[in-house]
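Enquirer: After the structure tokens below, expect a handful of questions from me.
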Amino acid sequence: MSNYSKYWIVTDLDGTLMDENYDISPAIKTLHLLSELDIPVIPCTSKTASEVRYFRKQNGLFDPFIVENGAAVYGFNKSSLSEWELILGMSYKDLRIILMNISNIVNYHLIPLNDLNKDQIFELTGLSDQSINRALDRQWSVPFLNPPDEIFEKVKRVCQTYNVHVFKGNRMSHLLSSESHKGEAVNKLKVHLKNKDVKIIALGDSQNDLPLLEYADISIVVPGKNGPNKYLQEGIDKGKFRLANAPHAQGWSNSVEDVISNINDFKC
Ligand SMILES: [Mg+2]
């Protein structure tokens with residue numbers, strides 16, 4: 001990617017670009033168009049670096065990527081042929097201990113994804129074999145089973161004591177350092193690539209995307225089949241976020257094409 005692109009598409013993957021079966025096919029044509037226009041597509045996801053490396057390879061993406069809900073950012077340096085890494089987070093090991101402490105305080109067993117067996121993970125995520133190994137390769141966040149809403153609210157309050165915060169995705173919640181979230185990760189990437197004036201077009205579908213959508217210049221909520229996530233409704237009602245006109249990759253594609261058709265000067 002050009003370090004000086006005027007626009008970046010920064011996108012969540014699960015539930016946004018991908019549907020519940022991890023299908024992105026309705027967006028393939030738009031991804032090709034973005035590549036022709038030299039507009040970077042930067043995944044910004046709760047997935048691990050291992051998962052996103054694999055995803056990029058499958059889909060011919062070469063731009064930097066943000067993983068584990070903003071806890072780390074990666075990119076490839078063409079001249080040194082090596083990957084670079086920016087860490088915003090706290091280590092998995094420390095976060096595991098904090099999750100246990102929080103469980104005790106809220107008196108509810110918060111179960112880390114990595115403690116489930118492969119059958120249970122398949123049931124929850126639809127992933128199997130190598131995909132599970134990639135999903136469990138956590139470095140800077142701890143995913144855990146979504147607790148009931150009232151417990152989640154208690155967990156959020158206790159987090160402040162430990163300098164961590166939690167985000168709720170569709171399938172699971174994530175514990176990570178309060179220094180890291182998707183919006184901060186994009187900010188760090190701008191600084192790293194010395195492109196502070198780039199305009200961010202962000203797409204997300206869940207509560208964990210709020211910091212990204214709030215940070216972006218153009219923010220698009222991609223709904224599920226039953227409409228938008230309740231945590232994003234307020235932003236839509238206030239006119240801060242646009243709502244895509246279809247779920248998942250189709251809505252992603254329609255919204256991105258709509259935005260870029262209204263921009264005439266992509267390049268420097
Ligand atoms: Mg999502």
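The values are calculated or read from the model by the stated rules, or taken from the named source; none is laboratory data. Worth saying up front: this structure is predicted, and the values here are computed from it rather than measured. For neighbour counting, all protein chains shown are included, and Cβ atoms are generated from backbone atoms with ideal geometry for every residue, glycine included.
Enquirer: Can you name every residue in the stretch 122-145 that is touching a helix residue (DSSP H, G or I) at 6+ places or on another chain (Cβ under 7 Å) and among the acidic types (Asp, Glu)?
Expert: Asp137
Enquirer: Also: Scan Phe55, Phe65 and give me the residue that is over 11 Å from the mean Cα position of the chain (by Cα), surrounded by 15 or more Cβ atoms within 10 Å (Cβ to Cβ), within 16 Å of the ligand (Cβ to nearest atom) and at pLDDT 95 or above.
Expert: Checking each option against the conditions leaves just Phe55.
Enquirer: Let me ask you something else. Going residue by residue through the stretch 128-142, is there one that turns out to be among the hydroxyl-bearing types (Ser, Thr, Tyr) and farther than 26 Å from Ile66 by Cβ?
Expert: Checking the stretch 128-142: not a single residue is among the hydroxyl-bearing types (Ser, Thr, Tyr) and farther than 26 Å from Ile66 by Cβ.
Enquirer: For the stretch 236-262, how many residues meet the condition of being among the small types (Gly, Ala, Ser), surrounded by fewer than 19 Cβ atoms within 10 Å (Cβ to Cβ) and modelled with pLDDT of 95 or more?
Expert: 2
Enquirer: In the stretch 4-24, which residues are outside any loop (DSSP other than H, G, I, E, B) and more than 12 Å from the ligand (Cβ to nearest atom)?
Expert: Tyr7, Trp8, Ile9, Val10
Enquirer: Test of understanding: among Asp205, Asp209, which residue is surrounded by 23 or more Cβ atoms within 10 Å (Cβ to Cβ), in the same structural domain as Asp237 (by TED's automatic domain parsing) and touching a Pro at 6+ places or on another chain (Cβ under 9 Å)?
Expert: Asp205
Enquirer: If you don't mind, there's one more thing I want to ask. Answer yes if at least one residue in the stretch 73-85 is farther than 22 Å from Ala244 by Cβ and surrounded by 22 or more Cβ atoms within 10 Å (Cβ to Cβ), and no otherwise.
Expert: yes
Enquirer: Between Tyr7, Tyr22, which is crowded, with 18+ Cβ neighbours inside 10 Å, over 10 Å from the mean Cα position of the chain (by Cα) and not aliphatic (A, V, I, L, M)?
Expert: Tyr7
Enquirer: Identify the residue in the stretch 198-235 that is more than 16 Å from the ligand (Cβ to nearest atom) and without any contact (Cβ under 8 Å) to a residue 24 or more places away in the chain and, among all such residues, is nearest to the chain's Cα centre (by Cα).
Expert: Asp217
Enquirer: Please name all residue pairs, on different chains or six or more residues apart, with Cβ atoms under 6 Å, provided the first residue is in the stretch 244-259 and is in the same structural domain as Thr11 (by TED's automatic domain parsing) and the second residue is among the acidic types (Asp, Glu).
Expert: His248/Asp19
Enquirer: Looking at the stretch 86-99 only, could you name the residues that are modelled with pLDDT of 95 or more and either charged (D, E, K, R) or in contact with a Phe, Trp or Tyr (Cβ under 6 Å, 6 or more places away or on another chain) (or both)?
Expert: Lys93, Asp94, Arg96, Ile98
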